[in-house]
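**Q** Dropping the structure in here first, questions after.
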Amino acid sequence: MGYNDPQFLNTRLRLSSAFQDTPNGNVQDLELEQPFYSFTTRSAYGAAVNHSNALQKVFQGGNQISQYDQEHLNLNPYFGRWVGNNDPLNAIRVTLSYRYSEDVFQAQTHTPRHAPGAKALSGPIVNTSFTESDFIKDTFVDKAGRVEDINLGHQANAGVGYIARKFGATENSIPFSANEAVGFGEAARGSVCCRWGLPVGTRSTPKDKPAGDSSTPFTSSMPITTVMSTSVSR
């Protein structure tokens, strides 16, 4: 069950919550924020808390070989601000957030193998976005029978973070991401939107790094590839 209110207490705040109990665990999600609710909104802020407990089962060759309990906790407060000039058709926004994410694994009494070690991410993240205003009205895009505003203007995002053991993380890393989207077309004929992006990568310092080794190896949580997509509406 859950409760969502897009105008919490008759304000611009948005409240969303969800609570679930399943045979294998439970989930609690709570988020309260004032987003950039319009193109000219000057600031945004909010916080999200996610917590879950789940039973994880490990299979090999179609047979279960192990199982353990996993507890997940995620905290993410943020504050964003419009920066740059007062051009109403081009918005530049900078968002500063702090992410703390932790996964703790607990072996059960009859677990034949050891559970994985605890993992944690903790550190600040800075994101910059640019949005150009070029809206058209279209129907049957995301929801049937509804007229929707589609932005064909240029949109770009770039973000970087600093995850460190001194903040409570299990390793040092620098996550980053970038993506861009642009649309073109006419309202009467349809529209085309093209996007590309770079998945998150990290530069990390392993715990077992040899003494005296000042190098910083590059690793990635995903292959460093360019992602491109095109969507067409008529």
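Every number in this text was worked out from the coordinates using simple rules, so none of it is lab data. Predicted model only: the values in this text are computed from it and were never measured. Because the Cβ atoms are built from the backbone with ideal geometry, glycine has one as well, and the counts that use them run over all protein chains shown.
**Q** Fewest to most neighbouring Cβ within 10 Å: what's the order for His114, His154? Write down the numbers at each step before the final one.
**A** Numbers: His114 10, His154 15.
Going from sparsest to densest Cβ surroundings: His114, His154.
**Q** Identify all aspartates and glutamates with a Cα-Cα distance to Lys57 below 17 Å; exclude those on the same chain that are fewer than 8 residues away in sequence.
**A** Straight-distance partners of Lys57: Asp69, Glu71, Asp103.
**Q** For a Förster distance of 35 Å, can you work out the FRET efficiency between the beta-carbons of Ala107 and Thr11, rounded to the nearest 0.05?
**A** Given R0 = 35 Å and the Cβ-Cβ separation, E is 0.15.
**Q** Still on this structure: What FRET efficiency would be calculated for the residue pair Asp149, Thr41, taking the C-beta separation as r and a Förster radius of 22 Å, to the nearest 0.05? Please report the intermediate quantities before stating the final value.
**A** Details: r = 15 Å, r/R0 = 0.70.
Calculated value: 0.90.
**Q** Something else now. So how strong a dipole does the stretch 50-142 carry about its Cα centre when Lys and Arg Cβ are +1 and Asp and Glu Cβ are -1, to the nearest 20 debye?
**A** Using Cβ point charges on Lys, Arg, Asp and Glu, the stretch 50-142 gives about 340 debye.
**Q** Could you please rank Leu96, Leu121, placing first whichever residue has the fewest other Cβ atoms within 10 Å of its Cβ?
**A** Ranking Leu96, Leu121 by Cβ neighbours within 10 Å, fewest first, gives Leu96, Leu121.
**Q** If neighbour count is taken as other Cβ atoms inside 10 Å, put Ile163, Ile150, Ile65 in order from fewest to most.
**A** In order of increasing Cβ crowding within 10 Å: Ile65, Ile150, Ile163.
**Q** Pop out the ³J(HN,Hα) list for the stretch 43-52 in order, Karplus 6.51 cos²θ - 1.76 cosθ + 1.60 with θ = phi - 60°, rounded to Hz; leave Gly and Pro as x.
**A** For the stretch 43-52, the Karplus curve yields 8, 8, 7, x, 7, 10, 10, 10, 9, 8 Hz.
**Q** 7 Å from Cα along Cα→Cβ at both Tyr162 and Asn86: what's the point-to-point distance in nm?
**A** 3.4
**Q** Under 5 Å between amide H atoms, partner at least 5 residues away or on a different chain: which partners does Arg99 have, H built in plane at 1.01 Å?
**A** Counting only residues 5 or more places away or on other chains, the set is Gly123, Ile125.
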